[in-house]
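These notes concern the structure reproduced below.
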Amino acid sequence: MATDARRAVEAVWRIESARLIAGLARMVRDVGLAEELAQDALVSALEQWPEAGVPRNPGAWLMTAAKNRAVDLIRRRQNYQRKLEQIGRDTEHDHAPDASTGVGDINDDLLRLVFTACHPVLSTEAQVALTLRMLGGLATDEIARAFLVPESTVAQRIVRAKKTLAKANVPFEVPAEDERDARLASVLGVIYLIFNEGYSATAGDDWMRPGLCEDALRLARVLAGLMPREPEVHGLVALLEIQASRARARVGPNGEPVLLLDQNRARWDQLLIRRGLEALAKAESLGGAAGPYALQAAIAACHARARTAEETDWTRIAGLYEALALVTPSPVVALNHAVAISMAFGPAIGLELVDELLEEPALKGYHLLPSVRGDLLVKLGRNDEARTEFERAAGLTRNERERKLLLDRAAAC
């Protein structure tokens, strides 16, 4: 009984924690205090549910318990009298443990929490940690394991982030329309970064960390529900859905990486592909076809629609990368464009484009530059040069699975 109740508490926390913290933050206007109150409610559930049973509406039970704790706390802080009165009025409407909150309020509160966790006053590392903690419901140790950093480092980032928000007096609100686009770009960027770290781990022994991909995809879906008229939100969802569809095919039976052109496409998740294509169509219908995430999703869709690697429309992919370079020019986009050109028009022209990037400062330590160059050299029959490039790429990556793959490719030369 106690074990079942504990599992129920953990499951409810993962599902409800973002809504709980968001609703509390609206009332106390302090994200850090809101999380403390939510944690207190969690402790109460762990103490009471094994004896009393899991309530019919566990999320509302947690919210009521947290609100009651907030009232007790603020009663001891006379200078918060105004907030006490506000919380008292709110509590009158939903003092029963199984009371529910209006959907509109929940959505508004979640949206405020998204923009607060990704506020530009925080570093990217802090935004990621706070987003996973507040919106993903992950514990500190889970975040630390996902990013291969000490738990103390993550804990410090979260504590500093909450202190920074409080010190800067960051309002718990969706930014004004003139600020929203810039802030939304940050929100989308954090979710994209979380997914990418799960999709191709930068370090460690695992090629992928599927849990991070799942968390990022869940956050993107929530955001799409909160901002249904924002095309780039749907573009990001489309990209992540289609990329996630390949997860089972990207890893071999012993955990080894399987590259895109070598994957068994029968293992691609067709449900995720359909969802991704629907999200892409939604983004395009909202006028967002030229957005950076929609363009990347369109590239992913080209792969998803090809039944075999040979049927891939590389000419279209090359054109999409050209469009992406106009919207968000970067050396990495240029490198991907070179790969697409090589697949569409031959390795020689692709190598010329790659060689133009050799002196690019941003790619000096980027292991995929020599890796791509090695692949093109193999296709041109220049195996000795290719071996050197693969060995150099292996020396640059921090992922052990990828290092072994690159060294195996070097040996095959």
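Coordinate-derived values only; no laboratory data. Please read these numbers as outputs of a predicted model, since none were measured by experiment. Neighbour counts run over all protein chains shown; Cβ positions are idealised from the backbone, glycine included.
General remarks:
- Residues in region 159-198 that a label on THR328 would reach, taking backbone N under 18 Å of a point 7 Å out along Cα→Cβ: 180-198
- Each residue, ASP178 and ALA412, gets one label point 7 Å from its Cα in the Cβ direction; the gap between the two is 5.7 nm.
- Mean ellipticity per residue at 222 nm, deg cm²/dmol - from DSSP H runs of n ≥ 4 across the chain, formula -39500 (n - 2.57): -23500 deg cm²/dmol
- Ordering of 343-351, 12-20 by packing is 12-20, 343-351, highest average first (other Cβ atoms within 10 Å, averaged per residue).
- Dipole of the chain [Lys/Arg +1, Asp/Glu -1 at C-beta], most positive-end residue of VAL372, TYR293, TRP314: TYR293
- Spacing of the two label points (7 Å from each Cα toward its C-beta) at GLN39 and GLU352, in nm: 6.0 nm
- Each residue of region 42-47 was assigned a 3J(HN,Hα) from its phi angle through the Karplus expression (A = 6.51, B = -1.76, C = 1.60, θ = phi - 60°), giving 4, 4, 4, 5, 4, 7 Hz with x at Gly and Pro.
- The peptide list 160-167, 146-153, 305-312, put in order of mean Cβ contacts within 10 Å with the highest first, becomes 160-167, 146-153, 305-312.
- Between the alpha-carbon centres of region 347-413 and region 147-210 there is a gap of 31 Å.
- Extended-chain gain in nm, criterion 0.36 nm per residue less alpha-carbon gap, ALA139 and ASP206: 22.1 nm
- Listed options for Rg/Rh (Cα atoms, Kirkwood Rh) are [x] 0.98; [y] 0.96; [z] 1.03. The value calculated from this structure is the one marked [z].
- Converting phi to 3J(HN,Hα) with the Karplus coefficients 6.51, -1.76 and 1.60 and the offset θ = phi - 60°, region 295-310 yields 5, 5, 5, 5, 5, 4, 5, 4, 5, 5, 7, 7, 5, 10, 4, 5 Hz in sequence order, with x at every glycine or proline.
- In this label model, GLU256 and ARG7 are separated by 3.7 nm, measuring between points 7 Å along each Cα→Cβ vector.
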